[in-house]
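A.B. asks: Please find one structure pasted underneath; my questions will follow.
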Amino acid sequence: MACTNCSTGAKDGTPRGCKNNGTCGTDSCNKLTVFDWLGNMNLPNGETPFDCVEIRFKNGRKEFYRNTEKITLSIGDVVATEASPGHDVGIITLTGELVKVQMKKKGVDHKSPEIPKIYRKASQKDIDIWSDARDKEEPMKVKAREIAIRLQLEMKISDIEFQGDGSKATFYYTANDRVDFRQLIKEYAQEFKTRIEMKQVGFRQEASRLGGIGSCGRELCCSTWLTDFRSVNTSAARYQQLSLNPQKLAGQCGKLKCCLNYELDTYLDALKDFPDFETKLHTEKGDAICQKQDIFKGLMWFAYTDNFANWHVLNIEQVKEIIVQNKQKIRVSSLEDFAIEIVVEQEANFNNAMGQESLTRFDQPKKSKNKNRNKNKNKGQNPNPNANQNQGEKPASNPNQGQNKNQKPQNKRPVIIKKNEDKK
């Protein structure tokens, strides 16, 4: 999704115009965008607009600033904000009363005097300095990774963000343990000639900053709309009866996928009607243990303890009925009396009339259709290879005679093709 200011290029398809590759400030292709559903409504008479705004910086980082100068601001304006030291440049993503809702959601007190303020709308000079600093980030990241590898530090430089005035660079890194980067900061300051700030982020925050495509084919939830990272346990996969395969359950961050929590409440509500999975049924034929559950169809599979190969399908109502009888110390005759026969639908088989499903149909070389080319190639070749022999001499017997046609002859004389010479 893009806006008219970011019309895609003809060659590579990347957005042009704002030159931000899809993260412009017009809120149509922005990351973590909040829709201003109060934008068309006017304030009552005598009410002053809320003096705080939400400003986005690189890769979805958002902060709240106070408009102390009463500047007329709207979504998409580029402003210069307070920073330490100097100033930073960001894009306004939300104004009005919805900012108060967002601040309450993120636990920020809108009456706090520590909220930084907005200086002014960014001038053309501020935007030029900001864009030049952004262009330095990618080659600087490559050089920073080389220095970290040379110092043998167990860390990964994931991203670099320059301040709007270009006076400071923030290095975002991930590491499993604490890292002593005092020597690293010295070499960075000597190499890049700027103020360095190191900030450690988690693996989920790294994925949200960088973005990407998930296994579902869509953009990562953490980089588009998800703002809070709740803990994900393997029990969520067990409740949903998923295979405990770490390669399938892990996302690009290396942790369990956040989407495992999306349908967990629905599964937990459905499991309330099911008997306990560890329930054991007592019958005259023997005890039976649950092997499998189908939450959507309300079915449970049981097998006798002495014969785990044969499973019997029961409804949850039938299982509850047997449990009630077992509590009264009554054993049912067998599970076969309560088992359900599941009719398996026969799959439709399609006949291959044209032979197009063969994977080896293109392996055999095609025969040449031009017969005249083969005639010209054989022109001038002696049709009788034994013509040069004497008349009384018998032709030599073929040593390969009697072999299969598919076998190649071992002692085959080369065929010499002579060109036709002009007769003098």
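The values are calculated or read from the model by the stated rules, or taken from the named source; none is laboratory data. Please read all numbers here as calculations on a predicted model, not as lab measurements. Quick reminder, even Gly has a Cβ in these numbers, built from the backbone with ideal geometry, and neighbours come from all protein chains shown. Please note that ligands, DNA and RNA were not included when accessible areas were found on the heavy atoms of the full protein model with its side chains. Shrake-Rupley method; radii C 1.70, N 1.55, O 1.52, S 1.80 Å.
A.B. asks: Output the number of residues of region 44-57 satisfying the condition of being under 16 Å from W130 (Cα atoms) and either part of a strand (DSSP E or B) or open to solvent by 30 Å² or more (accessible area, probe 1.4 Å) (or both).
C.D. replies: We begin by selecting, within region 44-57, every residue under 16 Å from W130 (Cα atoms); these are 55-57.
From what's left, either part of a strand (DSSP E or B) or open to solvent by 30 Å² or more (accessible area, probe 1.4 Å) (or both): 55-56.
Summing the residues that are under 16 Å from W130 (Cα atoms) and either part of a strand (DSSP E or B) or open to solvent by 30 Å² or more (accessible area, probe 1.4 Å) (or both) in region 44-57 gives 2.
A.B. asks: Just give me the residues in region 200-242 being closer than 29 Å to V179 by Cβ, of a type outside the set (K, R) and touching a residue at least 60 places away in the same chain (Cβ under 8 Å), in sequence order.
C.D. replies: Those that are closer than 29 Å to V179 by Cβ, of a type outside the set (K, R) and touching a residue at least 60 places away in the same chain (Cβ under 8 Å): S208, L210, G211, S223, T227.
A.B. asks: Being part of a strand (DSSP E or B), closer than 11 Å to F274 by Cα and free of Cβ contacts under 8 Å to residues at least 40 places away in the same chain is the filter here, so list the residues in region 295-319 that pass it. Give the steps one after another, and end with the answer.
C.D. replies: Quick first cut of region 295-319, residues part of a strand (DSSP E or B) only: 299-304, 307-315.
Next cut, closer than 11 Å to F274 by Cα only: 299-300, 315.
Passing the criteria: M300, N315.
A.B. asks: Also: I want to confirm something. Restricting to region 69-80 and keeping residues that are within 21 Å of K58 (Cα to Cα) and touching a residue at least 40 places away in the same chain (Cβ under 8 Å), which single residue is surrounded by the most Cβ atoms within 10 Å (Cβ to Cβ)? Show your work before the answer.
C.D. replies: If we filter region 69-80 for residues that are within 21 Å of K58 (Cα to Cα), which is where we start, we get 73-80.
Those still in the list that are touching a residue at least 40 places away in the same chain (Cβ under 8 Å) too: 73, 75-80.
Numbers: L73: 18, I75: 20, G76: 17, D77: 18, V78: 17, V79: 23, A80: 21.
The extreme case among them is V79.
A.B. asks: Restricting to region 85-110, and then to whatever is of a type in the set (G, A, S) and more than 16 Å from R120 (Cα to Cα), can you tell me which residue is surrounded by the most Cβ atoms within 10 Å (Cβ to Cβ)?
C.D. replies: Taking region 85-110 as the starting set, the residues that turn out to be of a type in the set (G, A, S) are 86, 90, 96, 107.
In the following step, the residues that additionally are more than 16 Å from R120 (Cα to Cα) were identified as 96, 107.
On the way: G96: 19, G107: 6.
This residue is G96.
A.B. asks: Further, regarding this structure: Examine region 195-217 for a residue that is open to solvent by less than 50 Å² (accessible area, probe 1.4 Å), in contact with a strand residue (DSSP E or B) (Cβ under 9 Å, 6 or more places away or on another chain), aromatic (F, W, Y) and in a helix (DSSP H, G or I), and state whether such a residue exists.
C.D. replies: First, the residues of region 195-217 that are open to solvent by less than 50 Å² (accessible area, probe 1.4 Å): 196, 198, 201-202, 204, 206-209, 211-212, 214.
Subset that is in contact with a strand residue (DSSP E or B) (Cβ under 9 Å, 6 or more places away or on another chain): 196, 198, 201-202, 206, 209, 211-212.
Subset that is aromatic (F, W, Y): none.
Within region 195-217 (the criterion being open to solvent by less than 50 Å² (accessible area, probe 1.4 Å), in contact with a strand residue (DSSP E or B) (Cβ under 9 Å, 6 or more places away or on another chain), aromatic (F, W, Y) and in a helix (DSSP H, G or I)), the answer is no, since none of the residues qualifies.
A.B. asks: Here's another thing I want to ask about it. Given the criterion under 16 Å from G86 (Cβ atoms) and out of contact with any strand residue (DSSP E or B) (no Cβ under 9 Å at 6 or more places or on another chain), identify the matching residue among K125, K143, K168, K117. Break it down into steps so the answer makes sense when it comes.
C.D. replies: Details: K143 fails: under 16 Å from G86 (Cβ atoms); K168 fails: out of contact with any strand residue (DSSP E or B) (no Cβ under 9 Å at 6 or more places or on another chain); K117 fails: out of contact with any strand residue (DSSP E or B) (no Cβ under 9 Å at 6 or more places or on another chain).
Every option except K125 fails the conditions.
A.B. asks: Report whether or not E146 is under 23 Å from R204 (Cα atoms), open to solvent by 50 Å² or more (accessible area, probe 1.4 Å) and without any contact (Cβ under 8 Å) to a residue 60 or more places away in the chain. Steps first, please.
C.D. replies: Values: under 23 Å from R204 (Cα atoms): no; open to solvent by 50 Å² or more (accessible area, probe 1.4 Å): yes; without any contact (Cβ under 8 Å) to a residue 60 or more places away in the chain: yes.
Considered against the rule, which asks whether it is under 23 Å from R204 (Cα atoms), open to solvent by 50 Å² or more (accessible area, probe 1.4 Å) and without any contact (Cβ under 8 Å) to a residue 60 or more places away in the chain, E146 comes out as no.
A.B. asks: Which of the residues belonging to region 249-294 are assigned to a loop (DSSP other than H, G, I, E, B) and either open to solvent by less than 20 Å² (accessible area, probe 1.4 Å) or touching a strand residue (DSSP E or B) at 6+ places or on another chain (Cβ under 8 Å) (or both)?
C.D. replies: Within region 249-294, the subset assigned to a loop (DSSP other than H, G, I, E, B) is 251-255, 257, 262-263, 272-279, 284-286.
Listed by number, the residues that qualify are K257, F274, P275, F277, E278, T279, E284, K285, G286.
A.B. asks: Select from region 219-248 the residues that are hydroxyl-bearing (S, T, Y) and under 17 Å from K62 (Cα atoms) and write down the one among them that is most open to solvent (accessible area, probe 1.4 Å). Steps first, answer last, please.
C.D. replies: Going residue by residue through region 219-248, those that are hydroxyl-bearing (S, T, Y) are 223-224, 227, 231, 234-235, 239, 243.
This time we only want the ones that are under 17 Å from K62 (Cα atoms), so: 223-224, 227.
On the way: S223: 4, T224: 42, T227: 74 Å².
For region 219-248, the residue satisfying everything is T227.
A.B. asks: Still on this model: Can you name the condition, by its number, that D36 falls short on among (1) at pLDDT 80 or above; (2) part of a loop (DSSP other than H, G, I, E, B); (3) within 26 Å of A207 (Cβ to Cβ)?
C.D. replies: It is condition (3) that D36 fails.
A.B. asks: State all residues of region 227-249 that are among the small types (G, A, S) and more than 13 Å from C259 (Cα to Cα); if no residue qualifies, say none. First the steps, then the outcome.
C.D. replies: Keep residues of region 227-249 that are among the small types (G, A, S), which gives 231, 235-237, 243.
Listed by number, the residues that qualify are S235, S243.
A.B. asks: Of the residues that make up region 300-321, is at least one loosely packed, with under 13 Cβ neighbours inside 10 Å, modelled with pLDDT of 85 or more and touching a Ser or Thr at 6+ places or on another chain (Cβ under 7 Å)?
C.D. replies: Within region 300-321 (the criterion being loosely packed, with under 13 Cβ neighbours inside 10 Å, modelled with pLDDT of 85 or more and touching a Ser or Thr at 6+ places or on another chain (Cβ under 7 Å)), the answer is no, since none of the residues qualifies.
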